[in-house]
Amino acid sequence: MQFELQYTCEESKARAGKIQTDHGVIETPIFMPVGTAGSVKGIHKRDLKDDIQAQIILGNTYHLYLRPGTDIIERAGGLHRFNGWDGPILTDSGGFQVFSLGDIRKLTEEGAKFQSHIDGSYHLFTPENVMDIQRKIGADIMMAFDECTPGDAEFAYAKKSLELTQRWLERCWNRFEQTSPLYGHSQSLFPIVQGAVYPELRRKAAEHVLGFNSDGYAIGGLSVGESEKDMYAMIEVVNEILPQDKPRYLMGVGTPVNILQAIDRGVDMFDCVMPTRNGRNGMLFTSEGIINIRNRKWADDFSPVDPNGTSFVDHSYSRAFLRHLIIAGEMLGAQIASQHNLAFYLWLVKEARRHILDGTFKAWKEEMVVRLAVRL
RNA sequence: GGGGAGAUACCAAAGUGGCCAACUGGGGCUGACUGUAACUCAGCUGACGUACGUCUUCGUAGGUUCGAAUCCUGCUCUCCCCA
């Protein structure tokens with residue numbers, strides 16, 4: 001994997017770049033749709049590629065390991081062959097599940113022991129076997145196994161948690177180096193910077209990951225309960241230290257405004273479940289602001305879902321019809337909303353990139369962060 | 001024609017003397033959702049008021065009682081069974 005930094009702003013830390021993978025090019029800044037179980041919920045790969053214009057998607061180690069199981073994916077020839085997505089894939093390691101499934105797992109030095117949310121069986125995830133699983137999944141970008149520290153963690157816990165993540169990173173890296181890709185395309189491993197909302201921990205964490213000459217670096221443990229102010233501050237602290245010539249991935253973020261603010265602070269890659277999950281639940285992100293399509297006021301609004309939208313769903317369906325579908329629990333409603341939101345997110349980062357390359361990012365961003373937060 | 005059952009809030013359906021403005025579903029309204037245990041979850045849903053509360057409700061008209069959705073009587077309507 002290679003990263004080429006094409007342009008940096010003068011009045012902002014925003015960057016435009018290009019990541020070359022064996023499954024194609026990724027133009028940054030980029031948003032990566034989340035496909036936890038191997039599929040971006042409700043979206044066909046054709047729409048993902050042609051309509052939404054996704055350049056890379058996510059999968060999840062924990063979820064894919066439990067179902068369908070690593071063995072099936074390996075026998076399929078890797079996740080690309082299994083799900084038919086021939087573009088780049090990034091897999092999260094299960095580190096987020098250490099956080100989100102906190103009630104059904106136990107943390108030890110060795111790893112995280114999960115009780116399956118599917119059948120109650122026990123599974124020990126270690127830095128080593130998480131690397132092995134991601135080799136078998138065949139992700140272009142693998143993530144280090146970390147503990148995603150809660151945003152409200154006390155300093156003492158955050159420090160202890162960070163140190164565990166750092167020891168796990170050493171083990172991840174060793175296993176990564178000792179093993180090879182299984183399917184003929186190369187794989188990269190991204191370390192993850194933790195440290196909760198404590199600048200000194202974040203600095204230590206950022207400096208620590210520099211010791212690994214990885215192809216890119218991730219900022220984790222944000223948008224997990226801390227304030228937005230803290231989140232932005234942590235991004236600034238970390239990006240001060242991360243190298244210019246490697247892509248930076250802000251994990252799990254965020255709202256359209258979060259993304260623009262993070263781009264402004266030098267982040268290149270994003271993923272978030274928001275466009276799909278919130279879409280399924282009736283929330284639409286548009287260039288005019290946020291719509292709760294379930295609200296009564298859209299019941300007889302027969303105008304297009306999004307007159308400025310780039311997706312075919314934006315012009316093929318009315319707001320009134322989409323509202324009807326969502327309210328009635330029709331599957332198509334969730335699909336249309338997800339597709340619209342993802343297309344919007346991809347449009348947004350593409351526009352950001354265009355403005356960065358034009359040198360007009362800052363002014364454009366300032367205008368957009370106001371508009372995008374409006375509730376319609 | 002004979003016999004039986006029943007009428008409760010938008011719908012369905014509990015409640016059968018005070019703990020009832022009335023369980024619970026559904027529907028409706030609003031909100032939440034950030035590396036997906038999520039097509040999920042939460043609140044509100046007689047009126048007025050932030051709220052303590054006040055007022056009007058359980059087919060209808062009366063009655064009994066300190067007190068009725070709950071007991072009694074008349075009336076209206078609905079459903080079921082047998083002819």
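The values are calculated or read from the model by the stated rules, or taken from the named source; none is laboratory data. Being a predicted model, the structure only gives us computed values, none of them experimental. Note: ideal-geometry Cβ built from the backbone for every residue, glycine included; neighbour counts use all protein chains shown. Side chains included, ligands, DNA and RNA excluded: accessible areas come from the protein's heavy atoms. Shrake-Rupley method; radii C 1.70, N 1.55, O 1.52, S 1.80 Å.
Observations, loosely collected:
- Its residue count N sets the reference 2.2 N^0.38 Å, and the alpha-carbon radius of gyration of region A:8-51 equals 1.52 times that reference.
- Contour minus Cα-Cα distance for residue A:358 and residue A:294 (0.36 nm per residue): 19.2 nm
- Portion, in percent, of the accessible area of chain A that falls on carbon or sulfur, probe 1.4 Å: 49
- Around residue A:115: net Lys/Arg minus Asp/Glu count, Cβ-Cβ under 13 Å: +1
- Sites residue A:18 and residue A:210 - FRET efficiency at Förster radius 25 Å, r taken between beta-carbons, to 0.05: 0.65
- Scaling against 2.2 N^0.38 Å puts the C-alpha radius of gyration of region A:5-141 at 1.17.
- Relative contact order (%) - criterion: Cα under 8 Å, at least six apart; region: region A:246-324: 21
- Within chain A: Cβ-based charge dipole about Cα centre, in debye rounded to nearest 20 (Lys, Arg +1; Asp, Glu -1): 660
- Amide H contacts under 5 Å for residue A:17: A:6, A:28, restricted to partners 5 or more places along the chain or on a different chain, H placed in the peptide plane at 1.01 Å from N.
- Charge sum, other residues only, whose C-beta stays under 11 Å from residue A:62's C-beta, Lys/Arg counted +1 and Asp/Glu -1: +1
- FRET efficiency, residue A:174 to residue A:370 (Cβ-Cβ, R0 45 Å, nearest 0.05): 0.40
- Chain A, relative contact order in percent, only Cα pairs under 8 angstrom and at least six apart counted: 18
- When the charge dipole of chain A is built from unit charges on Cβ atoms (+1 for Lys and Arg, -1 for Asp and Glu) and taken about the Cα centre, the candidate among A:83, A:326, A:337 whose Cα reaches farthest toward its positive end is A:326.
- Using a probe of 1.4 angstrom and keeping all protein chains present, the accessible surface of chain A works out to 41 square angstrom per residue.
- Across the alpha-carbon set of region A:207-355, the Rg to Rh ratio works out to 1.07, Rh being the Kirkwood radius.
- Computed [θ] at 222 nm, deg cm²/dmol, chain A (DSSP H ≥ 4; -39,500 (n - 2.57); rounded to nearest 500): -12000 deg cm²/dmol
- Across all directions, the average flat footprint of the convex hull enclosing the Cα atoms of chain A is 17.5 nm².
- Exposed-site-free run, longest, chain A (rule: GluC sites (Glu not before Pro); DSSP loop; at most 16 other C-beta within 10 Å): A:155-287
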